[in-house]
Amino acid sequence: MRILVTLFLLLLSISILAQTKDPLGQPNTPSVEQTIPTKITPKIDPVKEADIQRLLGQNGVKETMIEMMAGMEKSLRPLMANSLPPGEYRGRLIDLFLEKFRSKADPQQMVNLAVPIYDKYLSDADVKGLIEFYSTPLGQKALKVLPKLVSECEEEGRKWGEGVGRESMIEVLSEHPELEKGLEEAKKAAQPH
């Protein structure tokens, strides 16, 4: 769940940054109507919607979204700083943007966005079953342990991927000395003189 929320928030942030300039580099100030999705979703059975809201409250989605938004802000600050031209204005612009973003980003709205997605993939019986499961000691343990488990798996996967990537690059460069030479020349050319 955390991975999906993080990915959603990161993509949202990047899309916001992308909308601040048009293709010619000119500032673009889209209206609120242009930036808020207006996707029409089919009406959800009110009983099922209430069950989904209960499930999302029970499994800590709202709290997770609050945590993710805080984490996203920490990630977004350097991303924005790197994407905006240097200048005295930059720090203040980023601070004001994040302040405005926080004032508009209600975690309940994020939860509400999840409801039709849960409705799409889960029947009401599935939702009720998950509510029942999360009411058990094992379900409560799953809620506490799974975020840590996923986080640790992500970290181990990242380390593993870096190692495999490093090993693959070393092997390719040793098998193709002309590419290693080209890489070294490109590095030298990119260094400021």
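Each value in this text was obtained by applying a stated rule to the coordinates, not by laboratory testing. For clarity, every value in this text was computed on a predicted model and none was experimentally measured. Cβ atoms come from the backbone with ideal geometry, glycine included; neighbour counts cover every protein chain shown.
The ellipsoid that matches the Cα gyration tensor of segment 41-109 has semi-axes, each √(5λ) in whole angstrom, of 35, 12, 9, with the longest given first.
Just the projected area, averaged over all directions, of the convex hull on the alpha carbon atoms of segment 140-193: how many nm²? Each step should come with its number before you reach the end.
Numbers: hull surface 22.6 nm².
About 5.6 nm², averaged over all directions.
Ranking request for peptides 86-92, 149-155: highest mean number of other beta-carbon atoms within 10 Å first, then the rest in descending order.
In decreasing order of mean packing, 86-92, 149-155 become 149-155, 86-92.
Could you order the peptides 103-109, 114-120, 49-55 from most to least packed, using the average number of other C-beta atoms within 10 Å per residue? Could the numbers behind the result be given before it?
On the way: 103-109: 12.3, 114-120: 16.6, 49-55: 19.0.
Packing order, densest peptide first, comes out as 49-55, 114-120, 103-109.
If you wrap a convex hull around the alpha carbons of segment 71-145, what volume per residue comes out, as a whole number of Å³? Don't skip to the end; give the middle numbers.
Working: hull volume 9.8 nm³, N = 75.
About 131 Å³ per residue, rounded to a whole number.
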